[in-house]
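Input: a single structure, listed below in structure tokens.
Bear in mind these aren't lab numbers, they're just calculated from the coordinates by the rules spelled out. Quick caveat, the model's predicted, so the values are computed rather than measured. Using ideal geometry, Cβ is built from the backbone for each residue, glycine included, and neighbour counts are taken over all protein chains shown.
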Amino acid sequence: MKIALIGYGKMGKTIERIALERGHEIVSVIDIDNLDDFESDAFKSADVAIEFTVPKVALSNYRRAFAAGVAVVSGTTGWTDELPALKKEIDETGKTLFWSSNFSLGVNIFMAVNKYLAAIMNQFPNYNVEMTEVHHTQKLDAPSGTAITLADGILENLNRKTGWVKETETKPEEMAIKSIREGQVPGIHTIRYESEVDSIEITHDAKSREGFALGAVVAAEFTAGKKGLLGMGDMLKF
Ligand SMILES: NC(=O)C1=CN([C@@H]2O[C@H](COP(=O)(O)OP(=O)(O)OC[C@H]3O[C@@H](n4cnc5c(N)ncnc54)[C@H](OP(=O)(O)O)[C@@H]3O)[C@@H](O)[C@H]2O)C=CC1
Ligand SMILES: O=C(O)C1=N[C@H](C(=O)O)C[C@H](O)C1
């Protein structure tokens with residue numbers, strides 16, 4: 001498959017290596033200093049572009065790739081308030097975007113366990129819930145995109161919580177998400193339920209970026225030839 005990369009940072013470079021190992025060809029690499037390459041024949045020849053950049057440019061990158069006739073797989077986080085409007089635009093224009101806050105198989109298994117645990121805890125109001133996420137110090141957004149997806153999974157299943165807040169809850173119906181930035185941590189997400197007598201904690205701890213990058217390349221293989229806004233739920237059947 002012909003793959004273009006948009007964003008050549010930590011994820012872009014890891015994705016390049018894994019894509020080559022899986023027999024794909026990298027036909028174009030776009031980063032901050034060669035944005036005109038969206039109009040190049042090399043970029044237009046791609047079956048799919050994999051985009052990992054920064055929140056403020058993700059949408060404009062998608063639109064530039066769509067204008068060049070190229071489907072996009074993206075993991076950029078920190079912009080998803082605009083996702084409902086973007087979905088409408090994609091559906092109306094027949095474009096293709098596969099977006100996920102986290103492409104790791106392990107995290108997606110963890111997300112399913114998180115929903116199941118929240119549904120059980122719905123029956124046990126003496127437990128309060130909070131989340132902590134830890135990432136490297138270069139991360140621009142907080143809470144992480146994964147933490148927001150995990151929070152959505154809890155809010156769908158735990159009726160006593162109606163929204164999440166950063167750091168500290170001030171009302172019982174809020175769920176706190178604490179964000180810690182330290183060293184080179186690839187990503188740790190912990191959900192903790194606490195009662196007066198005990199606590200229950202589940203954690204996903206990424207050992208490197210390999211799982212995220214492999215998932216993004218597998219998503220690119222899945223996306224080729226498809227239309228619409230796609231996500232991990234379309235690809236993973238559990
Ligand atoms: N969904 C998932 O599974 C995962 C998502 N992420 C998310 O992916 C994003 C990128 O992460 P990561 O690779 O670690 O970040 P990096 O900062 O290492 O890389 C981002 C790259 O994008 C470049 N860039 C900035 N602006 C543009 C632009 N307009 N067009 C093209 N490239 C641009 C940056 O260039 P320069 O440095 O010169 O500014 C940099 O090379 C983040 O939002 C992160 O949260 C990360 C891991 C997994
Ligand atoms: O910025 C990162 O590094 C990561 N970002 C994603 C997020 O915001 O959830 C996924 C992963 O946790 C790494």
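Observations
- Dividing the mean sequence gap of close Cα pairs (under 8 Å, 6+ apart) by how many residues the chain holds gives a relative contact order of 22 percent.
- Contact order relative to length of segment 105-205, as percent, for alpha carbon pairs under 8 angstrom and 6 or more apart: 35 percent
- Between Thr93 and Gln138, the FRET efficiency from the beta-carbon distance, with R0 = 22 Å, is close to 0.05.
- Over the residues of the chain, the helix contribution to mean residue ellipticity at 222 nm works out to -10500 deg cm²/dmol, using -39500 (n - 2.57) for each DSSP H run of at least 4.
- Theoretical gain in end-to-end length, Ile180 to Ala119 [0.36 nm per residue, Cα-Cα removed]: 19.3 nm
- 12 Å cut-off, amide nitrogen to a point 7 angstrom out along Ala224 Cα→Cβ, residues in segment 42-70: 46-49
- Counting charges near Gly228 (Lys, Arg +1; Asp, Glu -1) among other residues having Cβ under 13 Å from its Cβ returns a value of +1.
- Axial C-alpha extent at least 20 Å, average Kyte-Doolittle at least 1.0 - helices from the chain (DSSP): 105-121
- Report note on the peptides 94-100, 78-84: ranked by the mean count of other C-beta atoms within 10 Å, highest first, their order is 94-100, 78-84.
- Working from label points 7 Å from Cα in the Cα-to-Cβ sense, the Glu210 to Glu167 distance is 3.7 nm.
- Protection proxy ranking of 59-67, 226-234 - average other beta-carbon atoms within 10 Å, highest first: 59-67, 226-234
- Shape call, segment 32-99: gyration tensor on alpha carbons, a/c limit 1.5: oblate
- Amide H contacts under 5 Å for Ile30, placed H, 5+ residues apart: Leu5, Ile6, Gly7
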